[in-house]
Amino acid sequence: MKFAVCVFPGSNCDYDVYYVIRDVLEKEVDFVSHRDGDLSGYDCVVVPGGFSFGDYLRPGALASKTPLAEALYGFASRGGIVLGICNGFQILTELGLLPGALLPNESMRFVCGDVYLRVENDGTRLTGKLERGDVVKIPVAHHDGRYYVLDEELKKMEQRGQILFRYCSEDGVVAPESNPNGSVSNIAGVMNKEGNVFGMMPHPERASEDILGSHDGLMLWYSLISD
């Protein structure tokens, strides 16, 4: 399986993702510049976290207008696997590849630290190595991570199994006090209707080795590379 890691001006988690794919998963991986309009030859594209184009206008807005974003849209439309993390999630919503939007945190402050996520759907390419109800510890670091979608669309997403993760307590209880940013229904990650595009605010690449305090993120990477 061959990976591409997108690089926009302001990306700052690109090397973290690259390291996990190359050195931990031992898979082939390339960096791809925002000026590049070709994603042929790749099996999975990861859009990492950071502050693409300085988050001007709104996070992900300018990145969504680049040649790479156009290629990403085509790649996803053809069934290619795409994972957007943090700013990458924001970019995917700007492209219309994922429903909803990421708004400023309810507190209007940057949040950074470990959170717990409850797996809501274990039948996806990103969660196949986990079970529904499992709780994983993965860090967040964002100012605009409050997921929002209209109630009518949320109901449809629930019915289609598009909700991947919800913020929860260590023992799996989904409650307002476990929600770091005010996301609707405590949502931390979603996928598209077709099941090949995934977005999440927490950073699995920062929870992929014991030295980092958690290796729970590895289960997501292992799910991605499983046949």
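Overview of results
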{"read-out": "Single condition Ile85 does not satisfy, out of (1) surrounded by fewer than 20 Cβ atoms within 10 Å (Cβ to Cβ); (2) touching a His at 6+ places or on another chain (Cβ under 8 Å)", "value": "(1)"}
{"read-out": "Qualifying residues in region 160-193 (those that are among the hydroxyl-bearing types (Ser, Thr, Tyr) and under 16 Å from the mean Cα position of the chain (by Cα)) - the one surrounded by the most Cβ atoms within 10 Å (Cβ to Cβ)", "value": "Tyr167"}
{"read-out": "Condition check for Pro48: surrounded by fewer than 22 Cβ atoms within 10 Å (Cβ to Cβ) and not aromatic (Phe, Trp, Tyr)", "value": "no"}
{"read-out": "Residues located in region 135-182, provided they are of a type in the set (D, E, K, R), part of a loop (DSSP other than H, G, I, E, B) and within 29 Å of Gly54 (Cβ to Cβ)", "value": "Asp144"}
{"read-out": "Of all residues making up region 111-130, the number that are of a type in the set (S, T, N, Q) and in contact with a Pro (Cβ under 6 Å, 6 or more places away or on another chain)", "value": "0"}
{"read-out": "Region 92-105: number of residues that are assigned to a helix (DSSP H, G or I) and either surrounded by fewer than 20 Cβ atoms within 10 Å (Cβ to Cβ) or free of Cβ contacts under 8 Å to residues at least 60 places away in the same chain (or both)", "value": "1"}
{"read-out": "Condition check for Gly182: out of contact with any Cys (no Cβ under 8 Å at 6 or more places or on another chain) and under 22 Å from Gly60 (Cβ atoms)", "value": "yes"}
{"read-out": "Search result, residues across region 172-208 that are under 20 Å from Gly133 (Cα atoms) and touching an Asp or Glu at 6+ places or on another chain (Cβ under 7 Å)", "value": "Ala207"}
{"read-out": "Within region 197-225, tally of residues that are in a helix (DSSP H, G or I), out of contact with any Lys or Arg (no Cβ under 8 Å at 6 or more places or on another chain) and over 23 Å from Gln90 (Cβ atoms)", "value": "3"}
{"read-out": "Criterion: surrounded by fewer than 17 Cβ atoms within 10 Å (Cβ to Cβ) and of a type outside the set (A, V, I, L, M, F, W, C) - qualifying residue of Gly213, Gly199", "value": "Gly213"}
{"read-out": "Residues of region 3-35 satisfying the condition of being surrounded by 21 or more Cβ atoms within 10 Å (Cβ to Cβ) and assigned to a helix (DSSP H, G or I)", "value": "Asp14, Val17, Val20, Ile21"}
{"read-out": "Among (1) surrounded by 15 or more Cβ atoms within 10 Å (Cβ to Cβ); (2) in contact (Cβ under 8 Å) with a residue 24 or more places away in the chain, the one test that Gly79 misses", "value": "(1)"}
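Each value in this text was obtained by applying a stated rule to the coordinates, not by laboratory testing. Computed from a predicted structure; not experimentally measured. Positions of Cβ are backbone-derived with ideal geometry, glycine not excepted, and every protein chain shown enters the neighbour counts.
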